[in-house]
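> Provided herewith is a single structure, encoded as structure tokens, for subsequent inquiry.
The values are calculated or read from the model by the stated rules, or taken from the named source; none is laboratory data. Here the structure is a predicted model, which means the values were calculated and not measured. Every residue, glycine among them, receives a Cβ derived from its backbone with ideal geometry; neighbour counts consider all protein chains shown. Surface accessibility is based on the protein's heavy atoms, side chains included, excluding ligands, DNA and RNA. Shrake-Rupley method; radii C 1.70, N 1.55, O 1.52, S 1.80 Å.
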Amino acid sequence: MDLNSAIKVLKEKGSLHAQDSTGNCFDLVELTAWNQKSEGVFLIHDLFQIRNFAGKFSEVALDIVAYSPDKVIFHTPANPYLENGPNFNGIVKFALIKEGFWNKLLYQFSRQLVFSPEKGGPSDFRSEVRFPLFAENVKELFLGAEGEVKIIKG
């Protein structure tokens, strides 16, 4: 299945069960279709998308996100108006995906997607490219509204 077919499935079903080149399975779920209780990570391809789900965000935090590699999951206070999506005790997780193939998928789909790792099963889509959040040494940082930064996993 090519990129356009994957996007078509996402638009029709609201989700895509995928497998990357290393065999890791995961779901990409459109925010409007999110109804899971499991953890999820908002995926963004552009810094301006942070406004959709995060609360106050400092310039320092924006710079950290902008210059980080693909292998970082950020935690930050949720937007108080966020009605749907993975929001755990007022904290949301997100990742800026810069890697070519996955960035292109997010950009072309143009709607908010949530990543959720899953256990096997038949996939709708198999990629020849590793998904960045399955790489070794994925780091996690907390970014506070006043510019505070805490290493959660690093």
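> Roughly how many nanometres apart are two label points built 7 Å out from the Cα toward the Cβ at residue 32 and residue 88?
Between residue 32 and residue 88, the simple spin-label model gives 2.7 nm.
> Under a 10 Å cutoff between Cα atoms, tell me which one of 40, 23, 14 has the largest fluctuation in the Gaussian network model of the chain.
23
> Considering only DSSP states other than H, G, I, E and B, which chymotrypsin sites (Phe, Trp or Tyr not before Pro) in region 1-89 qualify as loop sites with at most 12 other Cβ atoms within 10 Å?
Numbers: sites: 26, 34, 42, 48, 53, 57, 67, 74, 81, 88; in loops: 34, 53, 57, 67, 81.
Answer by residue number: 67, 81.
> Measure up 93/150; 11/104; 8/153; 13/153; 8/93 against 24 Å on the Cα-Cα distance and list the ones that go over. Walk me through the numbers on the way to the answer.
Values: 93/150 14 Å; 11/104 15 Å; 8/153 35 Å; 13/153 34 Å; 8/93 26 Å.
Pairs exceeding the cut-off: 8/153; 13/153; 8/93.
> Okay, next question. Shape call for the chain from the C-alpha gyration tensor, a ≥ b ≥ c root eigenvalues: rounded (a/c under 1.5), prolate (a/b greater than b/c) or oblate? Mind showing how you got there, number by number?
Numbers: a/c = 1.76, a/b = 1.49, b/c = 1.19.
In terms of gyration-tensor shape, prolate.
> Another question about this same structure. Which shape class applies to region 14-91: rounded if a/c is under 1.5, otherwise prolate when a/b exceeds b/c and oblate if not, where a ≥ b ≥ c are the square roots of the Cα gyration tensor eigenvalues?
Numbers: a/c = 2.16, a/b = 1.25, b/c = 1.73.
Note, shape of region 14-91 comes out oblate.
> Further question: Go through region 45-54 residue by residue and turn each phi into a ³J(HN,Hα) via Karplus (6.51, -1.76, 1.60, θ = phi - 60°); whole Hz please, and just put x for glycine and proline.
Coupling constants for region 45-54: 10, 8, 4, 5, 6, 4, 4, 5, 9, 9 Hz.
> Tell me the per residue accessible area of the chain using a 1.4 Å probe; a whole number in Å² is fine.
Details: 8110 Å² over 154 residues.
Normalised by residue count, the accessible surface of the chain is 53 Å².
> Express the carbon and sulfur contribution to the solvent-accessible surface of region 29-154 as a percent, rounded to the nearest whole number, probe 1.4 angstrom.
In region 29-154, the share of accessible area belonging to carbon and sulfur is 53 percent.
> Under the definition of Cα pairs under 8 Å and six or more residues apart, what whole-number percent is the relative contact order of the chain? Mind dumping the intermediate values first?
Numbers: 303 pairs, mean separation 55.0, N = 154.
That works out to 36 percent.
> Continuing with this model, one more query. Between 73, 50, 64, where does the largest GNM mean-square fluctuation fall for the chain, given springs only between Cα atoms within less than 10 Å?
In the Gaussian network model the winner is 64.
> Once the Cβ-Cβ distance between residue 56 and residue 139 is put in as r, and R0 is 22 Å, what FRET efficiency do you end up with, to the nearest 0.05?
Values: r = 23 Å, r/R0 = 1.03.
My answer for the efficiency is 0.45.
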